[in-house]
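The values are calculated or read from the model by the stated rules, or taken from the named source; none is laboratory data. Please read all numbers here as calculations on a predicted model, not as lab measurements. Positions of Cβ are generated from backbone atoms using ideal geometry, with glycine treated the same way; all protein chains shown enter the neighbour counts. These accessible areas exclude ligands, DNA and RNA; they are computed on the full protein's heavy atoms, side chains included. Shrake-Rupley method; radii C 1.70, N 1.55, O 1.52, S 1.80 Å.
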Amino acid sequence: MKGIIFTKPTFWKKIFKKKKFSFDIRKNAMSLLLCLFLIVGVILGVICARNGDKSLIEKLDFLFVTNFENKKSMDAFSLFSAGFASSFLFLLTIFLLGVSAWGFLFLPAIPLFKGFGFGLSTGYMYGAYGFSGVLYNLLIVLPGAFLSALVIIAISKDSFRFSWDMMTSLRGFRTDICDEFKLYTVRIFWGLLILAVSSLADMLFSLIFSGLFSFS
């Protein structure tokens with residue numbers, strides 16, 4: 001009598017197969033560079049906050065929406081609209097630079113400026129209100145800002161690549177970049193949706209936690 005031999009199906013083998021994590025620095029060099037610009041922006045923002053005053057935050061509030069006094073007086077729709085409008089301006093700038101043959105030269109400035117806004121807010125809140133200011137940024141500002149920063153870095157990388165493709169196309173090294181442009185616009189669209197989610201998160205955290213803080 002023949003014995004029955006049980007073997008794991010190929011499907012389950014793929015699921016339980018151990019995967020080794022590897023990180024190729026060369027393939028992710030642009031992402032690392034953009035992250036570096038973001039971190040440098042945060043540091044510069046903190047330095048400027050220590051040497052500046054509240055008026056600087058008020059002037060840049062339309063871009064970063066970090067003025068805590070304005071946030072406390074906004075309703076849900078206003079909070080979402082303000083956050084999404086700010087993110088949309090960044091995304092639009094990235095898109096326009098991406099469709100420019102020379103845009104790749106200026107794209108690193110976008111995460112730099114984004115980091116500057118967060119660093120400016122964090123530095124000012126800490127300098128003015130100490131631990132309460134830091135806690136405010138962690139609970140209300142950071143969740144949405146972190147998600148939007150990830151999107152900006154990812155889309156900036158795609159824009160850098162497409163801008164470079166346009167440059168090589170104009171110089172005759174490539175003849176057709178229509179497929180790349182279609183893929184680029186799809187990624188911009190997905191980036192816009194994720195930025196809407198980050199604005200929604202910013203709205204929710206503001207509504208939930210802003211009442212816990214009273215700065216005077």
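Per atom type, the stretch 83-191 shows carbon and sulfur on 74% of its accessible surface, probed at 1.4 Å.
Among the trypsin sites (Lys or Arg not before Pro) in the stretch 173-214, those placed in a DSSP loop whose Cβ has at most 16 other Cβ atoms within 10 Å are 174. If the segment from residue 29 to residue 132 were pulled out straight at 0.36 nm per residue, it would be longer than the present Cα-Cα gap by 33.4 nm.
Modelled label positions at residue 193 and residue 109, each set 7 Å beyond Cα in the direction of Cβ, lie 3.2 nm from each other. The string of couplings for the stretch 81-92 from the Karplus curve (6.51, -1.76, 1.60, θ = phi - 60°) is 5, 5, x, 5, 5, 4, 5, 5, 4, 5, 5, 4 Hz, one whole number per residue in order, with x for Gly and Pro. Here the scattering of the stretch 109-210 is modelled by Debye summation over its C-alpha atoms, one equal scatterer each and no solvent; at q = 0.25 Å⁻¹ the log10 of I(q)/I(0) is -1.25.
Pairs of alpha carbons in the stretch 86-141 separated by more than 18 Å make up 47% of all such pairs.
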